[in-house]
Each structure stands twice: as C-alpha cells, then as structure tokens.
1. With Cβ to Cβ distances under 10 Å as the rule, what net charge do the other residues near Tyr131 carry (K, R +1; D, E -1)?
2. Ser125 to Leu152: extension gain in nm, 0.36 nm per residue of separation minus the Cα-Cα distance?
3. In nm, to one decimal, how far is the Lys25 label point from the Lys41 one, both placed 7 Å along Cα→Cβ?
4. How compact is region 35-132 by the rule of thumb for globular proteins, expressed as Cα Rg over 2.2 N^0.38 Å?
5. Hey, rough spin-label estimate for Val116 and Val91, points 7 angstrom out along Cα→Cβ, what's it come to in nanometres?
Amino acid sequence: MFVAFSGCTKETQPDVNSAPYEGKKITVVHSYHPELLGVIKKNAGLTSVLDENAVGYEFIYMDTKRNTGEDLKRKSALEVKKRIETIQPDVIITFDDNAFKYLIMPYFRDAETQVVFTGIDRDASIYGIPYTNNTGMVSVDLALQMIDHPKLYARVERISWIDYDTCYDR
C-alpha cells in the first residue's frame, strides 16, 4: 500500500466561496499503483477540484495490478481500512473494481461514511450495489453500438473506430 497526502494549506485556500467544504476530508483509494498514467490523470483532475474548494484529501494505492494474489489484495484492503478508520474521512472515493470489492464491500457496506465508486466494470450488481451509503459510475463497453451508429449516417456499409491509447494500463 502506498499513501500520498495532499491538500490545501491556509495559504492556498480559496476565498469564502469554499466555506461549505472547508475542513472536509476525502480518502481516494486506487486499486492500482501511482505510476499508471490513468491514475496520474485521475489524480490531477481530482486535485484541481479539491484544491479549489479547500478540501483535505489523501490518495491511497492498493497496488493490486502488480500484486494480484488474493491474500495480497485482502491484506492491502485491511491496511487501507485501518488507515481510513484513523483518518475518518467524510467521503471515500474508489477507483476500479478491486478497491470496491476488497475494501468497501466487506468493511464499509451501508456504513455512515459516504462512498463514491468509479470504474467498476460492466456490472455493479455483482458487489450487491446499491448500498445505503454509495453512488457511482460503472464502466461499459459500447463497441457494438459504435459499429451500428455510423450506419445511420453512411450511405454504404462501413465501420468507424474510436480508440484511445491503452498502453498506460500495463
């Protein structure tokens, strides 16, 4: 488990518009490690919003992409749970399936702490979602719809492909 803390200081806090969020704490739990480009980009997006609103936050990385054993995943989740109990954040944000499956499901299901999940692949119901304390976003693959969509506009049979560089996910 890697932990990186960041957040606003009095010198960098915005003006009174942020007052409702001042003193709030968010723990962000990534399933993977901090060197992945996708993780770096997600953190950049989060920090730009959280810093503007004087929210304290901490990033925690379970590192379950490189450490794939079930025991390692459970051990990492238990360490994160203990850290969260120490921090007592107002909100936990999870990225990708493993953070939800190994951390939220066994330790924070229907808890008082609010949970926002993102990046659960295809079907959140496998984790018993919804819980009383969560909301989030499921990742879906729309490849078939992307193949059929151009047919609405093209006069001939063609296939269009929209892609992104997935090399950073290794």
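Bear in mind these aren't lab numbers, they're just calculated from the coordinates by the rules spelled out. This one's a predicted model, so the numbers in the text were calculated from it and none came from an experiment. Methodologically, a virtual Cβ is constructed for each residue, glycine included, from the backbone with ideal geometry; neighbour enumeration extends over all protein chains shown.
1. Values: positive: Arg109; negative: Asp110.
My count for the surroundings of Tyr131 gives 0.
2. Values: separation 27, 0.36 × 27 = 9.72 nm, distance 3.26 nm.
Fully extending the segment from Ser125 to Leu152 adds 6.5 nm.
3. 3.1 nm
4. On the way: Rg = 13.5 Å, N = 98, 2.2 N^0.38 = 12.6 Å.
For region 35-132, the normalised Cα radius of gyration comes out at 1.08.
5. Computed distance between label sites Val116 and Val91 equals 0.3 nm.
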